[in-house]
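Asks: Below are the structure tokens for one structure; questions will follow.
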Amino acid sequence: MKFCSKCGTQCEDAANVCQACGTPFTAPAAPVYIADPSDHTAEFDPKDISDNKVVAMLPYLLGVAGLIIAILLAGTSKYVQFHVRTCLKFTVVEALLVFVNIVPILGQIAYVVCTIICVVLRIIAFFQICNGKAKDPAIISKLGFLK
Ligand SMILES: [Zn+2]
């Protein structure tokens with residue numbers, strides 16, 4: 001049951017307007033929750049995100065050197081740790097691709113295609129940090145290691 005804000009009449013929960021005076025019920029502002037299993041943003045402290053954004057970006061900007069710096073600066077920041085793990089996945093995949101590249105033609109084609117995908121996913125991940133997000137990158141996160 002709910003009560004009209006204007007006349008106080010008790011009305012059905014399903015009613016859109018007051019049954020007595022016709023005042024419309026404004027729907028309670030339900031939190032818009034978009035079910036995205038790859039989005040872990042809500043698991044992190046907003047202060048952690050805003051404080052450590054720049055550190056979280058380093059692995060994406062500076063490659064392995066950035067990874068090492070981020071690991072050293074991460075401290076207790078779960079946000080940085082998340083992105084270090086994500087970036088490690090990229091690094092492992094890219095290292096494996098070097099071996100794929102040894103296989104003539106087919107391996108080399110796969111190497112080029114996968115490298116382009118990795119670069120695109122890294123750029124997407126980078127911009128997610130700019131927006132203060134923590135999302136598992138597509139494909140890479142499916143690999144399931146370094147959880
Ligand atoms: Zn009313």
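Asks: Hey, among the residues in the stretch 8-30 that are among the polar types (S, T, N, Q), at pLDDT 85 or above and more than 8 Å from the ligand (Cβ to nearest atom), which one's least open to solvent (accessible area, probe 1.4 Å)? Spell out how you get there, then give the answer.
Replies: Going residue by residue through the stretch 8-30, those that are among the polar types (S, T, N, Q) are 9-10, 16, 19, 23, 26.
Retained after the next criterion (residues that are at pLDDT 85 or above): 9-10, 16, 19, 23.
Remaining after also requiring more than 8 Å from the ligand (Cβ to nearest atom): 10, 16.
Working: 10: 98, 16: 120 Å².
That would be 10.
Asks: Report, by residue number, each residue of the stretch 84-96 that is touching a helix residue (DSSP H, G or I) at 6+ places or on another chain (Cβ under 8 Å) and exposed (fewer than 12 other Cβ atoms within 10 Å of the Cβ).
Replies: none
Asks: Exactly one of these conditions fails for residue 124: (1) open to solvent by 70 Å² or more (accessible area, probe 1.4 Å); (2) under 16 Å from residue 49 (Cβ atoms); (3) touching a strand residue (DSSP E or B) at 6+ places or on another chain (Cβ under 9 Å); (4) not aromatic (Phe, Trp, Tyr). Give me its number.
Replies: Going through the list (1) open to solvent by 70 Å² or more (accessible area, probe 1.4 Å); (2) under 16 Å from residue 49 (Cβ atoms); (3) touching a strand residue (DSSP E or B) at 6+ places or on another chain (Cβ under 9 Å); (4) not aromatic (Phe, Trp, Tyr), residue 124 breaks only (2).
Asks: State the number of residues belonging to the stretch 97-111 that are hydrophobic (A, V, I, L, M, F, W, C) and either surrounded by 12 or more Cβ atoms within 10 Å (Cβ to Cβ) or at pLDDT below 90 (or both). I'd like the intermediate steps shown before the answer.
Replies: Step one: filter the stretch 97-111 for residues hydrophobic (A, V, I, L, M, F, W, C), giving 97-100, 102-103, 105-106, 109-110.
This time we only want the ones that are either surrounded by 12 or more Cβ atoms within 10 Å (Cβ to Cβ) or at pLDDT below 90 (or both), so: 97, 100, 103, 109-110.
Of the residues in that region, 5 qualify.
Asks: Let me ask something else. Would you check which residues across the stretch 127-144 are open to solvent by less than 40 Å² (accessible area, probe 1.4 Å), more than 13 Å from residue 40 (Cβ to Cβ) and either within 10 Å of the chain's Cα centre (by Cα) or modelled with pLDDT of 90 or more (or both) and list them? Spell out the reasoning first.
Replies: First pass over the stretch 127-144, keeping only residues open to solvent by less than 40 Å² (accessible area, probe 1.4 Å): 128-129, 132, 134, 136-137, 140-141.
Retained after the next criterion (residues that are more than 13 Å from residue 40 (Cβ to Cβ)): 140.
Passing the criteria: none in range.
Asks: Then there's this: Take the stretch 66-83 and flag every residue that is farther than 16 Å from residue 132 by Cβ and open to solvent by 60 Å² or more (accessible area, probe 1.4 Å). Spell out how you get there, then give the answer.
Replies: So in the stretch 66-83, the residues farther than 16 Å from residue 132 by Cβ come out as 66-76.
Those that are farther than 16 Å from residue 132 by Cβ and open to solvent by 60 Å² or more (accessible area, probe 1.4 Å): 68, 69, 71, 72, 73, 76.
Asks: List the pairs whose first member sits in the stretch 63-78 and is outside any helix (DSSP H, G or I), whose second member is surrounded by 14 or more Cβ atoms within 10 Å (Cβ to Cβ), and whose Cβ atoms are under 6 Å apart, counting only residues at least 6 apart or on separate chains?
Replies: 77/48; 77/52
Asks: Evaluate the following for residue 91: is it more than 16 Å from the chain's Cα centre (by Cα) and assigned to a loop (DSSP other than H, G, I, E, B)? Can you show your working first?
Replies: Numbers: more than 16 Å from the chain's Cα centre (by Cα): yes; assigned to a loop (DSSP other than H, G, I, E, B): no.
Considered against the rule, which asks whether it is more than 16 Å from the chain's Cα centre (by Cα) and assigned to a loop (DSSP other than H, G, I, E, B), residue 91 comes out as no.
The values are calculated or read from the model by the stated rules, or taken from the named source; none is laboratory data. Every value quoted in this text rests on a predicted model; they were computed, and no experiment measured them. Cβ coordinates were reconstructed from backbone atoms using ideal geometry, including for glycine residues, and neighbour counts include every protein chain displayed. Heads up: the accessible areas ignore ligands, DNA and RNA and are worked out on the full protein's heavy atoms, side chains in. Shrake-Rupley method; radii C 1.70, N 1.55, O 1.52, S 1.80 Å.
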